[in-house]
Amino acid sequence: MRSGTAVVSCHVERPLDDGVWSAFERLLRRRPAGFVVTPFMRPPDENEAGDTERWLERARLAASLAPLGHHVHWGGASHARPSEGVDPAPKVKAESEWLRANGLAPKYFCGGGWYLDVAVAETLAACDYVDCTATTFRQSYLDANAARLQLTAAARLVLPSGATLTELPATHSLGALARTVRLPLDVHVHFHDWELSDRKRAAGLWFLLHLLALRRHPLTVVELAERAAAAPVHAWDGGTISR
């Protein structure tokens with residue numbers, strides 16, 4: 001018997017890799033176990049400028065199949081968190097404006113490496129994004145003082161400017177989902193598009209999602225965001241909170 005809900009999202013970090021994209025597009029179209037996977041797509045960086053039209057074609061296709069999300073790699077294609085000399089918030093704003101100028105209107109966001117600070121959060125609120133950068137767990141590879149946000153469940157953050165940002169935290173990676181016996185009431189599973197290039201991991205994803213659908217009712221990220229309209233309100237000034 002199912003109780004609770006589940007949402008699935010993907011960090012689309014290699015949309016210009018034909019093999020990875022083919023596997024991801026197939027997943028989007030087939031909707032395993034009824035899950036509409038949210039594609040958080042990383043816009044092309046300066047080294048990929050020659051492939052902009054191909055990227056836009058694929059992003060538009062993704063947006064026709066599922067609610068579109070925006071994913072940022074501040075340090076370039078292979079470096080998710082901000083590198084030295086990068087100002088995170090202006091990059092988010094510039095990419096958001098570029099997406100809209102090209103006919104794309106993502107409503108959801110997830111920062112690379114789970115990076116989130118106040119300036120980025122204020123920018124997300126100004127862009128009218130729903131954020132999915134928070135997690136319910138601490139990433140073992142991040143320093144204790146790394147800029148991030150930890151929440152036990154969906155929340156509405158009141159920022160220093162007075163703006164409100166809705167947070168839909170991720171609860172599980174694929175590996176964590178495979179190891180988990182007791183699930184929270186509401187589950188948000190995330191994975192990466194390049195994981196689909198490994199046949200075993202791809203098969204594992206399909207298997208895990210079918211098991212998850214037996215225990216939790218599949219929701220779209222749109223439905224999850226609508227439910228979060230009644231989520232608890234927390235004032236946030238940039239610290240890592242867990243409530």
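Details
- q = 0.13, 0.16, 0.24 Å⁻¹, segment 89-190: log10 I(q)/I(0) [Debye, one scatterer per Cα]: -0.50, -0.74, -1.31
- Environment charge at Thr220 (Cβ cut-off 14 Å; Lys +1, Arg +1, Asp -1, Glu -1): +1
- Across segment 1-39, the residues whose backbone nitrogen lies under 18 Å from the label position 7 Å along the beta-carbon direction of Trp206 are 19-37.
- GNM on the chain, alpha-carbon springs under 10 angstrom: the most fluctuating residue among His172, His210, His73 is His210.
- Distance from segment 172-206 to segment 1-70 (C-alpha centre basis), Å: 16 Å
- Entry for segment 20-174 at q = 0.08, 0.10, 0.19, 0.21 Å⁻¹: log10 I(q)/I(0) = -0.23, -0.36, -1.33, -1.55, Debye formula applied to identical alpha-carbon scatterers, no solvent contribution.
- Spin-label model distance (nm) - Ser22 vs Ser83, 7 Å beyond Cα toward Cβ: 3.1 nm
- Whole-percent carbon and sulfur share, accessible surface of segment 96-171, 1.4 Å: 51 percent
- Couplings 3J(HN,Hα) for segment 23-39, derived from phi with the Karplus relation 6.51 cos²θ - 1.76 cosθ + 1.60 (θ = phi - 60°), are 5, 6, 4, 4, 5, 4, 6, 7, 6, x, 6, x, 7, 8, 6, 7, x Hz, where x marks Gly and Pro.
- One decimal place: the segment Lys93-Arg215 gains 40.1 nm when fully extended, by the rule 0.36 nm per residue minus the C-alpha distance.
- Ranking His190, His217 from most to least accessible surface, computed with a 1.4 Å probe over the protein chains only, gives His217, His190.
- Alpha-carbon Debye profile of segment 138-211, log10 I(q)/I(0) at 0.13, 0.14, 0.19 Å⁻¹: -0.54, -0.61, -0.95
- Taking amide H positions as modeled 1.01 Å from N, with prolines and chain starts lacking one, the residues under 5 Å from Tyr108 and 5 or more places away or on another chain are His70, Val130.
- Per residue accessible area of the chain, 1.4 Å probe, in Å²: 46 Å²
- Cα lying deepest toward the dipole's positive end in the chain, options Val20, His71, Phe35, charges on Cβ: Phe35
- In the frame of its principal axes, segment 165-243 has Cα extents of 43, 26, 24 Å, reported largest first.
- Among beta bridges from DSSP that stay inside segment 81-198, the antiparallel ones total about 40%.
The values are calculated or read from the model by the stated rules, or taken from the named source; none is laboratory data. Predicted, not measured: the structure shown is a model, and the values here were computed from it. Using ideal geometry, Cβ is built from the backbone for each residue, glycine included, and neighbour counts are taken over all protein chains shown. Please note that ligands, DNA and RNA were not included when accessible areas were found on the heavy atoms of the full protein model with its side chains. Shrake-Rupley method; radii C 1.70, N 1.55, O 1.52, S 1.80 Å.
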